[in-house]
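Below: one structure, written as structure tokens.
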Amino acid sequence: MSNSKATTAEIRARFDADVERFSNLDTGQMSTQDAPLVLEMISNAARRVTPNAKALLDLGCGAGNFSLKLSQTAPFEKITLVDLSPNMLDRAVERLTPTGAELHVKQSDIRDLDLESESHDLIVAAAVLHHLRTELEWATVFRHLHATLRPGGSLWIWDLIEHDIPGLQEEMWHRYGEYLASLKGPEYRDHVFAYIAYEDSPRSVAFQLHHLRAAGFKADLVHKHGCFAAIGAWKP
């Protein structure tokens with residue numbers, strides 16, 4: 001990974017121009033392996049772990065896919081949408097207004113969020129935490145999210161990951177490259193790899209589980225395929 005990383009403004013600009021790719025419940029984000037499966041899996045698991053949830057916080061909501069999917073299983077009274085991109089937020093509001101939930105919109109970096117303690121029942125963070133840079137940022141965000149949840153609430157992460165064993169990382173990265181090339185050819189693979197190197201700082205499952213548990217969560221791996229993993233974390 002490059003030592004020179006994208007600024008928040010550069011990341012926001014890319015997502016502002018990429019709304020349509022994030023607006024499909026059937027496919028999800030195609031460059032993310034198992035996106036439709038995990039959308040279904042997290043939605044069902046979240047409702048089992050935190051039944052009767054009324055307040056949802058969607059971090060890096062994009063066009064609102066996870067909020068929409070979760071709303072299909074049971075209605076929310078309040079949905080808080082957080083994203084860097086105003087274009088993504090506009091699309092998410094458009095798609096979620098018919099649910100009848102009270103929508104709260106925050107255009108913000110997740111590191112800058114000001115959230116009331118014990119104000120939400122569910123948090124979903126899909127393809128957003130990999131933008132965090134330092135270990136301190138990860139630990140601080142997890143503590144903040146733990147404080148934001150009510151007892152019995154849960155956090156659901158779906159994200160790009162790395163592997164702590166170098167050879168394993170090489171193998172999984174190779175397989176991911178083959179997957180991307182199978183979608184749209186080697187140029188698409190190289191394009192995705194380039195913006196990952198410039199924008200993202202993914203961490204391993206072990207790293208995330210460690211910091212989630214240190215923040216007070218009971219946390220477990222839900223699903224893993226190559227360089228992507230879903231993690232569930234519950235606040236006792």
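Dipole magnitude of the stretch 36-121 about its Cα centre, charges +1 at Lys/Arg Cβ and -1 at Asp/Glu Cβ only, in debye to the nearest 20?
Details: 9 positive and 13 negative charges, 77 e Å.
Using only the charged Cβ atoms, the result is roughly 360 debye.
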* Length-normalised contact order of the stretch 109-231 in % [C-alpha pairs under 8 Å, at least 6 apart] -> 32
* Asked: For the chain, modelled as a Gaussian network with Cα springs under 10 Å, which listed residue fluctuates most, 85, 71, 182?
  -> 182
* Cα-centre dipole for the chain with unit charges at Cβ (Lys and Arg positive, Asp and Glu negative), debye to 20 -> 600
* By the scheme Lys and Arg +1, Asp and Glu -1, what is the net charge of all other residues having a beta-carbon under 13 Å from that of residue 137? -> +2
* To do: Please calculate how many Å² of accessible area the chain carries per residue, with a 1.4 Å probe and no DNA, RNA or ligand atoms counted.
  => 45
* Quick one: go through the stretch 38-60 and flag any residue whose amide nitrogen is under 13 Å from the point 7 Å out along the Cα-to-Cβ line of residue 77. => 52-56
* Keeping every protein chain in place, order 132, 168 by accessible area at 1.4 Å, biggest value first, i.e. largest first. => 168, 132
* Residues in the stretch 112-132 that a label on residue 147 would reach, taking backbone N under 13 Å of a point 7 Å out along Cα→Cβ -> 112-119
* **Neighbourhood net charge (15 Å Cβ-Cβ; Lys/Arg +1, Asp/Glu -1) for residue 148** => +1
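Could you rank 200, 112 by how accessible they are, 1.4 Å probe, largest area first?
On the way: 200 5, 112 115 Å².
Of 200, 112, the descending order of accessible area is 112, 200.
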* Asked: Which angle between 0 and 90 degrees, to the nearest 10, do you get for helix 166-184 versus the longest principal axis of the chain when only C-alpha atoms count?
  -> 90
* With each pseudo-label sitting 7 Å past Cα toward Cβ, what's the residue 8-residue 207 distance in nm, one decimal? -> 2.1
* To do: In nm, give the distance between the simple-model label positions of residue 220 and residue 198, each being 7 Å from the Cα along the Cα-to-Cβ direction.
  => 4.1
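Counting other Cβ atoms within 10 Å, keep those with at most 14, restrict to DSSP loop, and tell me which trypsin sites (Lys or Arg not before Pro) in the stretch 132-236 are left.
Here the sparse-neighbourhood loop sites are 133.
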* Structure fact -> Set 5/78; 5/106; 5/218; 54/106; 5/69; 5/54, cut-off 27 Å on Cα-Cα distance; pairs above it are 5/78; 5/218; 5/69; 5/54
* Asked: Going by alpha carbons, how many degrees (0 to 90, nearest 10) lie between the helix axis of 186-199 and the longest principal axis of the chain?
  -> 60
* How would you classify the stretch 156-207 from its alpha-carbon gyration tensor, with a ≥ b ≥ c the square roots of the eigenvalues: rounded for a/c under 1.5, else prolate if a/b is greater than b/c, otherwise oblate? -> prolate
* Structure fact -> What helix-only [θ] at 222 nm does the chain give? Using -39500 (n - 2.57) per DSSP H run of at least 4, over all residues, to the nearest 500, the answer is -13500 deg cm²/dmol
* Asked: When the C-alpha atoms of the stretch 72-222 are aligned to their principal axes, what extent does each axis show, in angstrom, from largest down?
  -> 44, 37, 29
* Averaging sequence separations of C-alpha pairs under 8 Å and six or more residues apart, then dividing by the length of the chain, give the relative contact order as a whole percent. => 21
* To do: Please give the net charge around residue 216, taking every other residue with its beta carbon less than 15 angstrom from that of residue 216, where Lys and Arg add +1 and Asp and Glu add -1.
  => +3
* **the stretch 57-140: C-alpha gyration tensor shape, a/c 1.5 cut-off, then a/b vs b/c** => prolate
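The values are calculated or read from the model by the stated rules, or taken from the named source; none is laboratory data. What you see is a predicted model; the values in this text were computed from it and never measured. Reconstructed Cβ throughout: ideal geometry from the backbone, glycine too, with neighbour counts over all protein chains shown. These accessible areas exclude ligands, DNA and RNA; they are computed on the full protein's heavy atoms, side chains included. Shrake-Rupley method; radii C 1.70, N 1.55, O 1.52, S 1.80 Å.
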